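Only the coordinates and a few stated rules stand behind these numbers; no lab work does. None of these values were measured; they are calculated from a predicted model. Counting neighbours? That spans all protein chains shown, and the Cβs are built from the backbone with ideal geometry, glycine included.
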C-alpha cells in the first residue's frame, strides 16, 4: 500500500504502534488550533462538554485545565482511547464509539468540540446531526479543520480518505447537520505561515 494512503487511513482511525506515534505527532501539530478552538468555546464552570473524536485526550486535558467542567470524550480508536486514559486518569469518561453511533440522550451537553474529525463526515452530515442532537437548546459547537488550500499540498489528503473544505463548504455541512444558518460562523485563521485553518462556531436554536 502506498505510504500516503497508509498515513491517511491511520489519521482516520489510528491503530497499533504507528497509530500511537502518529497520535503524538498530531498532538504537537495541533497545539495551536486546539488552544484557539477552546478560546472560541469559552468553557464555563459546571458545563457538560463533549469532545467528539477526542483522540489521545489532549484537548480534554487542556479543557479541564481551563475550567472545572464535566467532560466526556469519545473516539472509535482503541489505540487513541488508551492514550487518553493514560493522560486523563481512570476517572475520565471516555467512550469507544463513532460520533454517528454515540449513545447519549438528546440535549445531554452544554457544548461540544469536534477537532480534526469532520474530514471523515459523509454527505449526509450524520456526524454533525448527532452532535446537534445531543446539545441542549442554546448549546454550542466549535469545530476545527485545516483549510482545503493547505490540505491539498499534502499527499495523504489526496488519497480520497479525507473530505476537504473551504469556508462555504464547512458552513454548508454544519447547516445540513441541523444548525440554523444564521447561527453558524466560520472563521479562517493562520495556524502557521503556510497553514490556514477553519474554525466553525454554531449554536443550537433555543
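If each residue's Cβ is checked for other Cβ atoms within 10 Å, how do 121, 54 rank with the fewest at the top? Before the final figure, lay out each step's value.
Numbers: 121 23, 54 30.
Going from sparsest to densest Cβ surroundings: 121, 54.
Taking the number of other C-beta atoms within 10 Å as the exposure measure, put 71, 56 in order starting with the fewest.
Numbers: 71 25, 56 28.
Starting with the residue having the fewest Cβ neighbours, the order is 71, 56.
What is the Rg over Rh value, at two decimals, for segment 121-171, using alpha-carbon atoms and the Kirkwood definition of Rh?
1.04
So what is Rg over Rh here for segment 63-159, counting just Cα atoms and using Kirkwood for Rh? Walk me through the numbers before you get to the answer.
Numbers: Rg = 14.8 Å, Rh = 15.1 Å.
Ratio value, two decimals: 0.99.
Going by C-beta contacts inside 10 Å, put 109, 199 in order with the fewest on the left. Show your work: numbers first, answer last.
Details: 109 24, 199 21.
With the sparsest Cβ surroundings first, the list reads 199, 109.
Which distance in nm do the two modelled labels at residue 123 and residue 158 give, with both placed 7 Å along the Cα-to-Cβ direction?
Distance between the two pseudo-spin positions: 2.4 nm.
For the chain, what is the calculated [θ] at 222 nm in deg cm²/dmol (nearest 500), taking -39500 (n - 2.57) for each run of four or more DSSP H residues and dividing by its residue count?
Details: 8 runs with 78 residues, N = 206.
Per the formula, -11000 deg cm²/dmol.
Given 10 Å bins starting at zero, what is the percent of C-alpha pairs of the chain in each, up to the one with the largest pair distance?
9, 37, 40, 13, 1
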